[in-house]
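To keep things clear, I will list the structure first and then write my remarks on it.
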2 protein chains.
Amino acid sequence: MNDTPLFLRACRREPTERTPVWLMRQAGRYLPEYKAVRAKVDFLTLCRTPELACEVTLQPLRRFPLDAAILFSDLLVPLEAMGATVTFPEEGGPAIADGVKTPADVDRLRTPPAAEALPYVAESVKLLCAELKVPLIGFAGAPFTLASYLIEGGTSRNFTKTKKFLYQHPEAAERLFDKLATMVADLLNLQAASGCRALQIFDSWAGALDPDDYARWGEAWTRRIVDAVRPAGVPVIVFAKGTGTYLEKPAATGADVLGIDWTLPLDRARAIVGPGQALQGNLDPVRLLGPWEPLREAIDRVVAAAGGDGHVFNLGHGILPETPIDNVARLVDRVHERSAR
Amino acid sequence: MNDTPLFLRACRREPTERTPVWLMRQAGRYLPEYKAVRAKVDFLTLCRTPELACEVTLQPLRRFPLDAAILFSDLLVPLEAMGATVTFPEEGGPAIADGVKTPADVDRLRTPPAAEALPYVAESVKLLCAELKVPLIGFAGAPFTLASYLIEGGTSRNFTKTKKFLYQHPEAAERLFDKLATMVADLLNLQAASGCRALQIFDSWAGALDPDDYARWGEAWTRRIVDAVRPAGVPVIVFAKGTGTYLEKPAATGADVLGIDWTLPLDRARAIVGPGQALQGNLDPVRLLGPWEPLREAIDRVVAAAGGDGHVFNLGHGILPETPIDNVARLVDRVHERSAR
């Protein structure tokens, strides 16, 4: 046995005795103990209160033998620090009333030092690291995904306003992405300096872009962030959802680990990116809502397609609020059992 | 010059002097003359009234030298004939209040002969064929996409209810897809018999499925429909949006033409499917909202990646209501000019 945690070895493509597993949004609404905390505080208060963020981060680890924890927070937290007003209504996605509608709006956004603007992030990470027996993952959003929230004013189906802004105001968009990349890199470095042992960059809506737009607005800016956090010395995971038809581009960001959604089998992903990067994924989270037998078959297919070392088992997107807890427990056990070398 | 229309030659991979172009939703809300018609009648009345459906189908042809027309109708029209109550609110997508929530709901759906249940479809096609100088395309939805409207009760973001139904009730889902495939094949055959010279099967939400689910719920049922309309002797276009990471599966439906969305460059699509099928696509429709210069560059990239014969220029999804008409005019001209052999 090696002293380095399983998850970190898999991120670095070192040999592992079995495949590590964690789940995007593993702390969240499918857990009654999470809902009990949320019944007392609103979502942003939860993100901003280290004791509470720490508590909900630990909740899934108490139930399941997961191989990593991920800091409880939200992609939009740095946008608040930049001067946007973010709200999380109980129904529907987040809303930003004073986002970016014109180039002049870009110039109003600030990039304060993360340690000053988001002190609770460092504090949460430190509290968690004192408790955790597995590595803690820090995270932030990629500039395109964050820009889409600012420009659309919330979630979107077609990202029409965002792409139109990129086409009509490319220079203002460069300024916006520069600010976002600066803020995000600083936040990720703060997380690593506070104790996070891996960092994930979420480009959740990258798949809306065609390959040329992704090269300019996804890959280039994500690479800048990867470069900026490289001195922290922790593995960087890039999850650019929906980019399976041009996976060589997220791979070219220099990520140590590439997150893969459920539309691209992991053996195909491996054939595209070669042996140099670990892969993370890629079960469709909706499968967890169905019966065990087809779920088990789908888990086994993911484990088989990944082929062993250099794989971090995960979902292809966040776990859904209506997920039965029993299926999560069985999934974690099945991955461990099935992937034993 | 060959007497066979350019569009049909491209569908059959025969030599063409330039690339034909049509646009998904080319009759629609970006045209003031369409909005003028809609100001007088509701959406379903428009679909059901041959003179009006004919008028709006012809509107874009009067403005632009398009190489094909597509019957004005809606994917959900056959669901009405099957007994579902479909409404189209002015805001938001279509709604089906009495769709499929349980296996028993499947058994209530009927599959009446299209000629009896949807007589206005045949009448519209006949009226149009008397007027048109270019081929008319008929169309219908693939079973997965239609099932998703029935099960979700409308449009959806994650297709959670639909996929859950497939996992929990696979036998009822097979019965549902069997009814949908029967109805759709009958409708497409009616369109061809009435004068349509090509047929397109839209699997708009196929990209929500992982490759295994698409093989069972997309590819297999679409192939059955392609086989059922084969005797009509017209080219069949299969557009399974979002399936670029497993394009060999929609290709295996036996389609003559594969619709490709904007996430997969056409030269890559060609490398996957080989020389046997024509390709249709694949400009991101949001590009039409931006300025001309980057739009022109994107059009030229699509034409170049397609490589000439066996390409039908189109968007990667329907044209957006806010599209400037001038950009559409310039796009059609640019494709014709740029692709001249």
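The values are calculated or read from the model by the stated rules, or taken from the named source; none is laboratory data. Computed from a prediction, not measured in an experiment: that's the story for all the values here. Note that we place each Cβ from the backbone using ideal geometry, even for glycine, and neighbour counts take in every protein chain shown.
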Taking the range B:135-154 and the residues there that are within 16 Å of B:Glu80 (Cα to Cα) and in a loop (DSSP other than H, G, I, E, B), the one that is nearest to the chain's Cα centre (by Cα) would be B:Ala142
Checking B:Pro113, B:Pro119 in turn, the sole residue that is surrounded by fewer than 15 Cβ atoms within 10 Å (Cβ to Cβ), farther than 21 Å from B:Arg62 by Cα and free of Cβ contacts under 8 Å to residues at least 60 places away in the same chain turns out to be B:Pro119
Scanning the range A:119-144 for residues that are of a type outside the set (Phe, Trp, Tyr) and in contact with a Pro (Cβ under 7 Å, 6 or more places away or on another chain) gives A:Glu123, A:Ser124, A:Leu127, A:Val134, A:Pro135, A:Ala140
The helices (runs of 4 or more DSSP H) lying wholly within the range B:1-86 that contain at least 3 residues that are in contact with a Pro (Cβ under 9 Å, 6 or more places away or on another chain) and not assigned by TED's automatic domain parsing to the domain that holds B:Val184 are B:6-11
Checked the range A:201-210 for anything among the aliphatic types (A, V, I, L, M) and more than 12 Å from chain B (Cβ to nearest Cβ); matches are A:Ile201
Note on the range B:298-329: residues in a strand (DSSP E or B) and away from chain A (no Cβ under 12 Å) are B:His311, B:Val312, B:Phe313, B:Asn314
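Here is a yes/no grid of residues against (1) crowded, with 21+ Cβ neighbours inside 10 Å; (2) of a type in the set (Gly, Ala, Ser); (3) away from every other protein chain (no Cβ under 12 Å); (4) not in a loop (DSSP other than H, G, I, E, B):
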site	(1), (2), (3), (4)
B:Thr162	yes, no, no, yes
B:Ala172	no, yes, yes, yes
B:Leu176	yes, no, yes, yes
B:Thr182	no, no, yes, yes
B:Leu199	yes, no, yes, yes
B:Asp212	no, no, no, yes
B:Arg216	no, no, no, yes
Note: among A:Leu71, A:Leu23, A:Leu52, just one is surrounded by 15 or more Cβ atoms within 10 Å (Cβ to Cβ), within 16 Å of A:Val332 (Cα to Cα) and touching a Leu at 6+ places or on another chain (Cβ under 7 Å), namely A:Leu23
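Rundown of residues vs (1) among the aromatic types (Phe, Trp, Tyr); (2) surrounded by fewer than 22 Cβ atoms within 10 Å (Cβ to Cβ); (3) touching a His at 6+ places or on another chain (Cβ under 7 Å); (4) free of Cβ contacts under 8 Å to residues at least 40 places away in the same chain, yes/no style:
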{"residue": "A:Ile225", "(1), (2), (3), (4)": "no, no, no, no"}
{"residue": "A:Val229", "(1), (2), (3), (4)": "no, no, no, no"}
{"residue": "A:Trp262", "(1), (2), (3), (4)": "yes, no, no, no"}
{"residue": "A:Pro275", "(1), (2), (3), (4)": "no, yes, no, no"}
{"residue": "A:Gly290", "(1), (2), (3), (4)": "no, yes, no, yes"}
Reported set for the range B:248-260 where residues are in a loop (DSSP other than H, G, I, E, B), in contact with a strand residue (DSSP E or B) (Cβ under 7 Å, 6 or more places away or on another chain) and surrounded by fewer than 23 Cβ atoms within 10 Å (Cβ to Cβ) is B:Asp256
Exactly one of B:Leu295, B:Leu288 is outside any loop (DSSP other than H, G, I, E, B), within 14 Å of chain A (Cβ to nearest Cβ), touching a Ser or Thr at 6+ places or on another chain (Cβ under 6 Å) and closer than 20 Å to B:Arg25 by Cβ, and that residue is B:Leu288
Counting only residues in the range A:224-273 that are within 12 Å of chain B (Cβ to nearest Cβ) and of a type in the set (Ser, Thr, Tyr), the one nearest to the chain's Cα centre (by Cα) is identified as A:Thr243
Item checked: Yes/no for B:Val125 being more than 14 Å from chain A (Cβ to nearest Cβ) and either surrounded by fewer than 23 Cβ atoms within 10 Å (Cβ to Cβ) or assigned to a loop (DSSP other than H, G, I, E, B) (or both) -> no
The condition from (1) touching a residue at least 12 places away in the same chain (Cβ under 8 Å); (2) buried (at least 17 other Cβ atoms within 10 Å of the Cβ) that B:Arg9 misses is numbered (1)
Filtering the range B:33-58 down to residues that are touching a residue at least 60 places away in the same chain (Cβ under 8 Å) and more than 21 Å from the chain's Cα centre (by Cα) yields B:Glu51
Within the range A:232-275, the count of residues that are under 15 Å from A:Ser204 (Cβ atoms) and of a type in the set (Phe, Trp, Tyr) comes to 2
Filtering the range B:74-104 down to residues that are buried (at least 17 other Cβ atoms within 10 Å of the Cβ) and not small (Gly, Ala, Ser) yields B:Asp74, B:Leu75, B:Leu76, B:Val77, B:Pro78, B:Leu79, B:Glu80, B:Met82, B:Val86, B:Pro94, B:Ile96, B:Val100
*asked:* Please determine whether any residue of the range A:274-282 is within 14 Å of chain B (Cβ to nearest Cβ) and part of a loop (DSSP other than H, G, I, E, B).
replied: no
Of (1) within 10 Å of chain B (Cβ to nearest Cβ); (2) buried (at least 22 other Cβ atoms within 10 Å of the Cβ), A:Val335 fails just (1)
